[in-house]
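First comes the structure, then the notes that go with it.
The values are calculated or read from the model by the stated rules, or taken from the named source; none is laboratory data. Source: prediction; values computed, not measured. Glycine also receives a Cβ, built like all others from the backbone with ideal geometry; neighbour counts cover every protein chain displayed.
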């Protein structure tokens, strides 16, 4: 189902200056993207925030203006945010969309959101595009998020549809030129996380992540290179044991423990994988970080879970803002290609790592 998102104006209670979505956000003390998601009845909004937005909408007498929406559809530049092969409830992609919404709101553009599931084996010519792309003129540029494949981008190129891509989740067997895409530096993020564990004295550091997909593979390569530079062996569980990320972490950690190999720290390729591994450790009577230090990736939950997970943070909202900025630039420059934007991924140190204790109970300085 498509959802229309963007700026909607309405006169206030006294019939004065039209109320804007930004005024609603200020009244509710939330972001513009949160107001947009509440107005479009999207599911990933905290109930407390949803109530605050709804109260602000009522207080300001803000109502959707169907006439303005019709005018906007017909005359305002429009972006299409397509989430491919992913569940919208995943927190990372919902934050990417929030960043897109906020940037477009500030720039006077509109966003149409839709989900799209397709198989990579279908040829580009036979791929049935989502309805928003089947009618000419609905979207001036497309933002591709989620997991995407060559056949979709080739299909867009054949039809002359401009697009920008979230490149970390793009699966291809070919070398894609670094244009018209935004990427976060997960390789360097994994390097930083591994170096941190080494500084804490850990030498038996394991990686968990399915390297058959590029986002885990990049993180594994950063980890493996750092271990090699330290003169240590890279140890990893890289075959997926479940399509569910939590269960993959759980089963992978349990298998590692059954092997009775030396293990003092785990770098997980995703926060959900890390929490699954954590549960397996707990069931074996091991504590984090007393017995095993644990690092996740993506910082999906921040400090909302206690104790809070040390994780490599990806600013998903900034990813969305950069995707929107590039898409709008392509519209203004009539399809001109733009070089890749690379965003940092930074380690956030919390409660799940600590220095390795020596046999006498003292912290290691190695």
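Set side by side, the residues 46, 61 differ, and just one is modelled with pLDDT of 75 or more, within 20 Å of the chain's Cα centre (by Cα), over 30 Å from residue 149 (Cα atoms) and surrounded by fewer than 16 Cβ atoms within 10 Å (Cβ to Cβ), which is 46. Taken as a whole, the condition of being over 25 Å from residue 144 (Cβ atoms), modelled with pLDDT of 75 or more and buried (at least 17 other Cβ atoms within 10 Å of the Cβ) applies to residue 24. What do you reckon, is residue 212 assigned by TED's automatic domain parsing to the domain that holds residue 269, closer than 28 Å to residue 82 by Cβ, free of Cβ contacts under 8 Å to residues at least 40 places away in the same chain and in contact with a helix residue (DSSP H, G or I) (Cβ under 9 Å, 6 or more places away or on another chain)? No; evaluated as a whole, the condition is false for this residue. State all residues of segment 218-237 that are over 16 Å from residue 195 (Cβ atoms) and surrounded by fewer than 17 Cβ atoms within 10 Å (Cβ to Cβ); if no residue qualifies, say none. 233, the sole residue that qualifies. Scanning segment 295-347 for residues that are in a strand (DSSP E or B), surrounded by 24 or more Cβ atoms within 10 Å (Cβ to Cβ) and modelled with pLDDT of 95 or more returns 295, 296, 297, 310, 311, 312, 345.
Conditions (1) within 19 Å of residue 277 (Cβ to Cβ); (2) out of contact with any strand residue (DSSP E or B) (no Cβ under 9 Å at 6 or more places or on another chain), marked per residue:
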residue	(1), (2)
144	no, no
148	no, no
151	no, yes
154	no, yes
173	no, yes
185	no, no
197	yes, no
221	no, yes
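Restricting segment 253-294 to residues that are in a helix (DSSP H, G or I) and under 23 Å from the mean Cα position of the chain (by Cα), the residue that is surrounded by the fewest Cβ atoms within 10 Å (Cβ to Cβ) is 275. The single condition among (1) at pLDDT below 95; (2) more than 30 Å from residue 140 (Cβ to Cβ); (3) crowded, with 18+ Cβ neighbours inside 10 Å; (4) in contact with a strand residue (DSSP E or B) (Cβ under 7 Å, 6 or more places away or on another chain) that residue 249 does not meet is (1). A count restricted to segment 300-325 and to residues that are touching a residue at least 60 places away in the same chain (Cβ under 8 Å) and at positive phi stands at 0. Evaluated against (1) surrounded by 19 or more Cβ atoms within 10 Å (Cβ to Cβ); (2) not in a strand (DSSP E or B), residue 206 falls short on exactly one condition, (2).
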